[in-house]
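Every read-out reported here was derived from the displayed coordinates using simple, explicitly stated rules and does not represent laboratory data. From a predicted model like this one, the values you see are computed outputs, not experimental measurements. Neighbour counts are summed over all protein chains in view; Cβ atoms, including those assigned to glycine, are modelled from backbone coordinates with ideal geometry.
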Amino acid sequence: MDGGVRSIANSDLAGGHDVVVVLAPLTGTLGRPFAAEIDALRASGSVVEVVEGDAAALAAFGADPLDPATRVPALAEGRRQGAACRTRLAEVWK
């Protein structure tokens with residue numbers, strides 16, 4: 001679900017699951033409400049891994065992530081970062 005519809009990242013909807021992976025590329029702008037969702041999941045016993053946009057990914061998004069000019073750079077950075085976190089996420093799903 002697209003973030004912001006009912007909560008910042010909607011990660012709270014995954015409550016009750018043993019393992020939760022949250023893809024939140026723009027968490028730097030989400031602040032405390034996002035952290036509270038993640039804290040609640042962990043407090044309920046879920047193992048939670050959060051993939052946040054790193055500095056290069058955030059730079060590729062630019063000031064306006066809806067700007068068509070950012071699509072190609074953002075895609076490239078998403079692929080790069082996805083490959084970089086592949087091993088960490090594979091460990092979570094064991």
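Per-residue Karplus couplings for region 63-74, computed as 6.51 cos²θ - 1.76 cosθ + 1.60 with θ equal to phi - 60°, are listed in order as 6, 10, x, 8, 5, x, 5, 8, 4, 5, x, 5 Hz, Gly and Pro entered as x.
In which sequence would GLU77, GLU91 go, from the one with the fewest C-beta neighbours within 10 Å to the one with the most?
Working: GLU77 21, GLU91 9.
Ranking GLU77, GLU91 by Cβ neighbours within 10 Å, fewest first, gives GLU91, GLU77.
Amide H to amide H, with H built 1.01 Å from N, VAL19 comes under 5 Å of VAL47, counting only residues 5 or more places away or on other chains. Note that region 52-60 has calculated 3J(HN,Hα) couplings of 10, x, 7, 4, 5, 5, 5, 5, 5 Hz, one per residue in order, obtained from phi through the Karplus relation 6.51 cos²θ - 1.76 cosθ + 1.60 (θ = phi - 60°); glycine and proline are x. For the chain, a crude dipole built from +1 on the beta carbon of Lys and Arg and -1 on the beta carbon of Asp and Glu, taken about the Cα centre, is about 220 debye to the nearest 20.
The relative contact order of region 11-92 comes to 31 percent, based on Cα pairs under 8 Å that sit 6 or more residues apart.
Summarising the label geometry, the points placed 7 Å from Cα in the beta-carbon direction at ASP54 and ALA84 lie 0.2 nm from one another.
Using only C-alpha positions, report the orientation-averaged shadow area of the convex hull of the chain, nm², one decimal.
6.3
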